[in-house]
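In what follows, a structure is listed as structure tokens, so that the remarks can point back to it.
Every number in this text was worked out from the coordinates using simple rules, so none of it is lab data. Owing to the predicted nature of the structure, the values given are computational and were not obtained by experimental measurement. Here the Cβ positions follow ideal geometry from the backbone for every residue, glycine too, while neighbour counts run over all protein chains shown.
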Amino acid sequence: MVRNIVVIGGSSHPQLNESICEILGIPQGNAILSKFSIGETRVEIGESVRGKDVYIIQSGGGKVNDHLMELLITISACKTASAKKVTAVLPLFPYSRQSDVPYNKTGAPLVKSPNQFNKPDLADDGYTFDSTPPTPHPDKPWSRGLTNGIDGLHKSLAKVHIDDYEISPTTHTARYAHYSNGITSHPKRSDISETSKSGDYFLRQQASSHVSLTNGVNDDNASVTSEGQKSAFKPSPGYKQWVAQAGTLVADLLTCAGADHIITMDLHDPQYQGFFDIPVDNLYGRPLLKRYIQQHIPDFKQCVIVSPDAGGAKRATAIADSLGTEFALIHKERRPTKITDRQNATMMLVGEVAGKTAILIDDLADTSNTITRAAKLLKKEGASKVYALVTHGVLSGDAIERINASALDHVVVTNSIDQREHKLKCPKLEVLEVGHVFAEAIRRVHYGESISVLFQYD
């Protein structure tokens, strides 16, 4: 029995809460977790947590946003009630797949926006996939690089002030006189247009009802219908959409709510730990998967461990090396021809699976599209049987129907997410218990012992 500890179970996975408390030999902490009629989360701590170590268990499956808000409020309530230490136990970390901005949506590059004088050469559809600045090629001249350094930025700002000055000379004469004096060495504005028409650009912008503004940059390529209605978003050359960094925000929210420690399992992106300035213990689900292979798959030494994508190759090779089995990789190639095309991946197997049992290893299955397509490819390449071993089985949407109709023979997941409903609908599904892993992690953290033994899977 562990003393001077309070374990509060969230509403996301009651079965896992009971399992962990039963292994630790303590009752669940008394807390009321409910909602008001308006939908706001209500949390009341029904026992004293003063000077105690509090562990709050809340997984990221199901209604993720509600569970996350419930966790934050519970952490804050325990911290306000003078808890000595508050640890958030997250079997599946919420928003773990949004740890950084995707590589193909890195934001607007620092280049000049196209105008009537420096429009780039585009394809017929008005979009180019050339890099900005262009990548050097042996048969091509080197690019000029970025054309708007610091000097260009200052000059552009000065010209904007001069435009404002020329529109309202009586108001801004004294204020912007030194700007106009500092630009006399550059070509005069009269070389391009008449000075009296310097404000026409702004007047045209105000009078036009169909000019598209994108991220503060004039989009000359936006298409407009004859009725004046805007069509679907069409990015201008060199522009990429901005994407929110939700992962960093969630890390900051947990820290600001009062969490002193985070315990989770198989983060989708290990770099997530760097977003915190508090300790984060990322446990491994590989020992459970390895043990299942050894105990339930006959002649596992002749099997082939397969990674369904390049991102999970390191995870799969670790299990393959520890078991002494062969390894294969499925490579997904995405080559869209247009910005509007869906990036359908062409899957290619690197390795040999003919006449062997293939074991797919992945950390998370949401819609199950990746593992079902991989299973189809493996069966096409001659695999006799296909297993899928996944740490976190989110299985949202029509994932269960897709698995039932797929070439997968068995799908093995852990109960980091509640799988009771999924198991009733999917006869191929098997569930592994992770309660003892988190219970041992809680016990070791509480007594100040090392948890490195939980990271070992050999």
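How long is the gain from Lys84 to Arg291 if the chain were fully straight, where each residue apart is worth 0.36 nm and the alpha carbon distance is subtracted? Don't skip to the end; give the middle numbers.
On the way: separation 207, 0.36 × 207 = 74.52 nm, distance 3.70 nm.
Length gained, Lys84 through Arg291: 70.8 nm.
What pairs in Lys35/Lys428; Lys63/Lys301; Lys301/Lys425; Lys314/Lys428 have C-alpha atoms more than 29 Å from each other? Mind dumping the intermediate values first?
Values: Lys35/Lys428 36 Å; Lys63/Lys301 40 Å; Lys301/Lys425 32 Å; Lys314/Lys428 26 Å.
Too far apart for the 29 Å limit: Lys35/Lys428; Lys63/Lys301; Lys301/Lys425.
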Using the per-residue mean of other Cβ atoms lying within 10 Å as a proxy for protection, in what order, highest first, do the peptides 370-377, 437-444, 23-30, 356-363 fall?
-> 356-363, 370-377, 437-444, 23-30
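Roughly what % of Cα-Cα distances in region 1-83 sit above 21 Å, to the whole percent?
On the way: 894 of 3403 pairs.
Taking all Cα-Cα pairs of region 1-83, the fraction more than 21 Å apart is 26 percent.
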Taking the inverse of the average 1/r across all pairs of different Cα atoms in region 289-333, what Kirkwood radius in Å do you get?
-> 10.8
Given backbone amide H placed at 1.01 Å from N, residues whose amide H is under 5 Å from that of Leu360, ignoring those fewer than 5 places away on the same chain, are Val306, Tyr387, Ala388, Leu389
